[in-house]
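Following: one structure in structure tokens, then a few remarks.
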Amino acid sequence: ARTGKQMVIRIPLIPTINDDLQNIRESAKFLQQLPGDVPVEVLPYHSSAQAKYKKLNRSYPGKDIPKVAQNLGQQTVNILSEYGLNARIG
């Protein structure tokens with residue numbers, strides 16, 4: 001970020017890993033310190049890769065990860081926006 005290069009921050013929301021509101025707020029505080037207007041994309045976790053693993057006859061490592069709460073993506077965008085970040089669901 002200090003070099004001035006254009007970049008996009010992508011935050012995958014993974015239930016039980018990083019989807020708690022305290023973590024989202026701490027991430028926002030960190031990102032708020034970056035110079036410039038860095039866009040932030042929120043990426044709610046999904047299990048669409050599961051079919052690919054099945055075709056490859058491999059077990060899907062994310063099979064025990066629950067689905068993202070329906071409104072959590074937008075709630076995360078709202079929190080990031082409260083910190084002045086240019087956030088959207090990616």
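Nothing in this text is a laboratory measurement; each read-out follows from the coordinates by a stated rule. Since the structure is predicted, the reported quantities are computational estimates derived from the model, not experimental observations. Positions of Cβ are backbone-derived with ideal geometry, glycine not excepted, and every protein chain shown enters the neighbour counts.
For D20, neighbours were defined as the other residues whose beta-carbon sits under 15 Å from its Cβ, and their charges (Lys and Arg +1, Asp and Glu -1) total 0.
Taking Cβ atoms as reference points and 12 Å as the exclusive limit, the residues near G73 contribute a net charge of 0, counting Lys and Arg as +1 and Asp and Glu as -1. For segment 80-89, the Karplus equation 6.51 cos²θ - 1.76 cosθ + 1.60, evaluated at θ = phi - 60°, returns couplings of 4, 5, 4, 8, x, 8, 8, 10, 7, 7 Hz by residue, with Gly and Pro reported as x.
3J(HN,Hα) couplings calculated from phi for segment 14-27 with the Karplus curve 6.51 cos²θ - 1.76 cosθ + 1.60 (θ = phi - 60°) are, in sequence order, 10, x, 6, 10, 9, 9, 7, 4, 5, 5, 5, 5, 5, 4 Hz; Gly and Pro show x.
With a Cα cut-off of under 27 Å and a minimum spacing of 8 residues unless on different chains, the lysine pairs in the chain number 8. Here segment 41-87 yields Rg over Rh of 1.17, to two decimals, using C-alpha coordinates and the Kirkwood radius. Note on L43 and E82: the model spin-label points, each 7 Å out from Cα along the C-beta direction, lie 2.5 nm apart. In percent, how large is the relative contact order of the chain, given Cα pairs closer than 8 Å and 6 or more residues apart? Relative contact order, the chain: 39 percent.
Eigenvalues of the alpha-carbon gyration tensor of the chain, scaled by 5 and square-rooted, set the equivalent ellipsoid semi-axes at 28, 16, 10 angstrom, largest first. What does a probe at Q22 reach in segment 59-90, counting residues whose amide N is under 19 Å from the point 7 Å along Cα→Cβ? Counting only backbone N, you get 76, 79-80.
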